[in-house]
Amino acid sequence: MQEKNPVFKKPILITKPVLVDLEKLKIQLEGVWNSGWLTNNGYKHQELEARIQKEIFNNLPTSLVVNATIGLLLAIKTLKIKGEVITTPFTFPATTHAISWAGLKPVFCDINKKTLNIDVNKIEKLINPKTSAILAVHVFGIPCNVKEIERIAKKYKLKVIYDSAHAFELEINNKSIATFGDASVFSFHATKLFHTVEGGAIVFRKNSLKKKCDILKNFGISGADVIACGINAKMNELQASVGLLMLKEKEKERLRRKIIKETYINELSNIPGIILPFNNNEITKESLQYFAIRIDANIFGKTRDFVLKKLQKNNVFARKYFYPLCSHHQFYMYLDSAKNQNLPIANKVVKEIIALPFHGGLTIQNIKNICNIIKSLKK
Ligand SMILES: *Cc1c(COP(=O)(O)O)cnc(C)c1O
C-alpha cells in the first residue's frame, strides 16, 4: 500500500498520549501505598477534584468520574431527564449511547456548517411534549451557540448537558465553557490532551446537583442508607495520581500544540477547497484537542477519501473523525430523526472531514511535510 518512497519512513499517528514522568508517578503512588487507600474518594481524588475545580472550572461544583461515557449517563440521571433528548449525529458514539443507556430516546438535530455543532435554528421544530433535554457537543473544542441554547432551554423548560470531551480548558470571553448548561462532561481518556488514563469530570451549575451526583456515583449510598439507584462511577487513586502530574505536564503539551496548530493554519490557508476550523473570536483560551479540516471535493478537485489514501500511502494516518454519523449506526436507523433528508449538513460534512495528526511529538517540519502532501494534490 505504501508508496515506493513515502514522505515519512515511520507511521505518523493522529495522537499520542502524554506520558507523565515515571519517577514522579512512583512518588505519587508511594503516597497512595502508604495510605493504603486505593479508591472511594481518597486523598488523591480529593486533591485532584479540588484543584481542577479551582484551576480550570472557575470554582464550579466538580465531580470526578471513571470515564466520560458513564459521566454522561450520570449527568442524565442526576438531572432526572426523561423521554426525548435532542442531540447531534456528528459526535463520538458515546454521546448517543449514553442517552440510550439511560432508557431515553435520542432525537438527532442537524449541525451548523461552520461550527459543526448542533444547529440552534433547527432545534425548536424537534421539540414536543416528551422532550426534556438538549445534549450538545462542543465538537473539536469549538463552542456551541451556548446563549441561544440557553434561550431555547428556558423557553421550553429543558435541561442542557454539554458533552465537553473536546473542551477541557476552553474559555469564551474569559469564562470556562463549563459555565454554560446544567452540566458539562469532560473526558480524561488517554487520547485527550489532559488525561488520567481513563477518567472524566462532570461540572454542574448547582452544588446540590454535585451532591446528588456524588451519591449516585457511589451506588446511591448516603451515610448508612441507600437512597437512590446508583452506579459505580468513581475515579480511583491511581487515575487521580496521574491527573495530578498531568496538571503540570499539560502546559508543555499545550505550548507544542499551539505551534503545530499555527503551522497547519499557515500552511493550509487560502487553498481553495480546504476549509479550516471555524475561527470563533469569543474564544479566549483554546482546548487544543483536535485539528480537523474539511475537503470540499468540488472545489479542491479531489475527494476527502482520495486525500486520506494519499496521506496513508506516505505513512500519515490521518482519520475520518467523526465517521460514520451516529444516525448511520444500524441500531439508530429506526429513528425518524436519523433519516438523511433531515440531516443534510451532517451528511455533507461527514464526507469532507479529516482529522490531521495533532500531538506534541510532531515537529514543525513534520507538519509542513504533511501539508505538502495535501497541497501536492491540488492541481
Ligand atoms: C472521548 C469522547 C467521549 C468518551 O469519553 P470516555 O472518557 O472515553 O468515555 C465522549 N464524547 C466525545 C465527543 C469524545 O471525544
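What the table shows:
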item: Segment 45-90: projected area of the alpha-carbon convex hull, averaged over directions, in nm²; result: 4.5
item: Surface accessible to a 1.4 Å probe, per residue, for the residues of segment 1-89, Å²; result: 57
item: Tensor-based shape of segment 141-251 (alpha-carbon gyration tensor, a/c under 1.5 rounded, otherwise prolate or oblate); result: oblate
item: Scattering curve values for segment 1-142, log₁₀ I(q)/I(0), Debye with Cα scatterers, q = 0.10, 0.22 Å⁻¹; result: -0.58, -1.33
item: Of every Cα-Cα pair in the chain, the percent that sits beyond 35 Å; result: 27
item: Relative contact order for segment 318-379, counting Cα pairs under 8 Å that sit 6 or more residues apart, in percent; result: 39
item: Estimated FRET transfer efficiency when R0 is 41 angstrom, pair residue 251-residue 128 (beta carbons, to 0.05); result: 0.30
item: Computed log₁₀ I(q)/I(0) - Debye formula, equal Cα scatterers, no solvent, segment 115-155, q 0.17, 0.18, 0.25 Å⁻¹; result: -0.44, -0.50, -0.90
item: Radius 13 Å from Cβ of residue 92, net charge of other residues (Lys, Arg +1; Asp, Glu -1); result: +2
item: Set of aspartates and glutamates near residue 309 by C-alpha distance (under 17 Å), chain-local residues within fewer than 8 positions excluded; result: 3, 296, 352
item: For segment 233-379: accessible area per residue (Å², 1.4 Å); result: 45
item: Accessible surface of residue 110 - all protein chains present, 1.4 Å probe, nearest 10 Å²; result: 0
item: Sorted largest first, extent of segment 103-203 alpha carbons per principal axis (Å); result: 40, 34, 23
item: Among 270, 280, 34: highest mean-square fluctuation, GNM of the chain, C-alpha pairs under 10 Å; result: 34
item: Listed pairs 24/261; 114/375; 125/206 exceeding 25 Å between Cα atoms; result: 24/261; 125/206
item: Orientation-averaged projected area, Cα convex hull of segment 294-379 (nm²); result: 6.9
item: Of all accessible heavy-atom area on the chain, the percent that carbon and sulfur account for (1.4 Å); result: 55
item: Fluctuation leader among 49, 171, 282 - the chain, Gaussian network, Cα springs under 10 angstrom; result: 282
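The values are calculated or read from the model by the stated rules, or taken from the named source; none is laboratory data. Note that the coordinates shown come from a computational prediction; the quantities given were computed from them, not determined experimentally. Cβ atoms come from the backbone with ideal geometry, glycine included; neighbour counts cover every protein chain shown. Calculation scope for accessible area: heavy atoms of the full protein, side chains included, ligands and nucleic acids excluded. Shrake-Rupley method; radii C 1.70, N 1.55, O 1.52, S 1.80 Å.
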